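Scroll down for the structure; my scribbles are underneath it.
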């Protein structure tokens, strides 16, 4: 998982940080101004710690989030989670999106047709 934004107040746990620079699929989304950037491990033993750190930081400080799994970008949420700037990969099912909407985690979603999806 990569996060980009105003991260100076984030209390990173050294066990969770993979890199402070781009890696593989997880690239910076803004060149100028250059925001803080971190790649974090998002695995069973780190999820709670990472999420608590992000909540403590405040989501307004986060400009871009990307989640990669097995070499595939599964979530890209850009420009402060602007509705037109969030995309999911093939590992995110419509039933998960419906569950997140029911739990008020997300407001709405629109499924793209298979031909309109970008690799």
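Since every read-out is calculated from the coordinates, none of them should be taken as a lab result. Computed from a predicted model, the values in this text were never measured in an experiment. Please note: Cβ atoms are built from the backbone with ideal geometry, for glycine as well, and neighbour counts cover all protein chains shown.
Things to note:
- For a modelled paramagnetic label at residue 8, 7 Å from Cα along Cα-to-Cβ, the residues of the stretch 21-56 in reach, with backbone nitrogen under 18 Å, are 32-38.
- The distance between label points at residue 107 and residue 36 comes to 2.7 nm (points 7 Å beyond Cα on the Cα→Cβ vector).
- Ranked list, fewest to most other Cβ atoms within 10 Å of each Cβ, for 63, 31: 31, 63
- For the chain, the longest principal axis of the Cα atoms and the long axis of helix 47-57 meet at an angle of about 70 degrees.
- Each of residue 20 and residue 92 was given a label point 7 Å from its Cα along the Cα-to-Cβ line. The distance between the two points is 2.9 nm.
- Global geometry of the stretch 45-92, whether rounded, prolate or oblate, following the gyration tensor of its Cα atoms and the 1.5 cut on a/c: oblate
- Value at 222 nm in deg cm²/dmol, rounded to 500, when DSSP H runs of n ≥ 4 in the chain each add -39,500 (n - 2.57): -5000 deg cm²/dmol
- Of the options (i) 60, 36, 21; (ii) 54, 29, 21; (iii) 39, 30, 27, only one is Cα extents along the principal axes in Å as computed from these coordinates, and that is (iii).
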